[in-house]
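First the structure, in the form of structure tokens, and then the observations on it.
The values are calculated or read from the model by the stated rules, or taken from the named source; none is laboratory data. Fair warning: this is a prediction, and the values are worked out from it, not measured in the lab. Cβ coordinates were reconstructed from backbone atoms using ideal geometry, including for glycine residues, and neighbour counts include every protein chain displayed.
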Amino acid sequence: MANKQTRRNFLLTAPIAAAAVSPFADTMLHASAAGSAMGQTADASGIEVFTAAKMASEVKSVSVNHETKNILTTPGTLMILTQETKKAAKEFEWHATRDHVFQILDGETKYELGGAPKGAHQTKPGEWLAPESDGAKTVILKKGDYLFVPRMTPHKRSTEGSVSLLLISSQTPA
């Protein structure tokens, strides 16, 4: 008669299975370390660390010069630091294949989000603008706030005073 698999049987046999696999796992770890020593490493060329000190320096530079700076540009992802004063978008924008995450680093800004665009025109494949969006909701973002804007969501930013922000834009196929 075959044993019926139950939670109790699993809990009783899991330590035995782990012990049986343990020597193999240890061997694989040593093989991986040996491969690294021989120059056989995994490709880490796409990994980039942005330390707190590096980000603070970048934010300071952007704030002093009142500019926008791309700090990461890879296929599918952008990271942009922006500092703006008294600026307003003329139209709502939305994208078929891009999501946005905004982090407010300093100051405050207003976003109008969603709704039904009126008078829309396509600027390039998968990108649109419209002067209005009926039913858009307004949010005020302040230092420390994050905003996620999913693809195909009309959005427009206006800043009365000044704001420093980080935009992470991720693009994937439709």
Considering only residues that are in contact (Cβ under 8 Å) with a residue 40 or more places away in the chain and either outside any strand (DSSP E or B) or not assigned by TED's automatic domain parsing to the domain that holds Phe102 (or both), look in the stretch 125-148 and name the one that is farthest from the chain's Cα centre (by Cα).
-> Pro131
Failed item, numbered, when Arg151 is tested on (1) under 19 Å from the mean Cα position of the chain (by Cα); (2) assigned to a strand (DSSP E or B) | (2)
When the residues of the stretch 98-124 are filtered to those that are touching a residue at least 24 places away in the same chain (Cβ under 8 Å) and not in a strand (DSSP E or B), which remaining residue is farthest from the chain's Cα centre (by Cα)?
-> Gly115
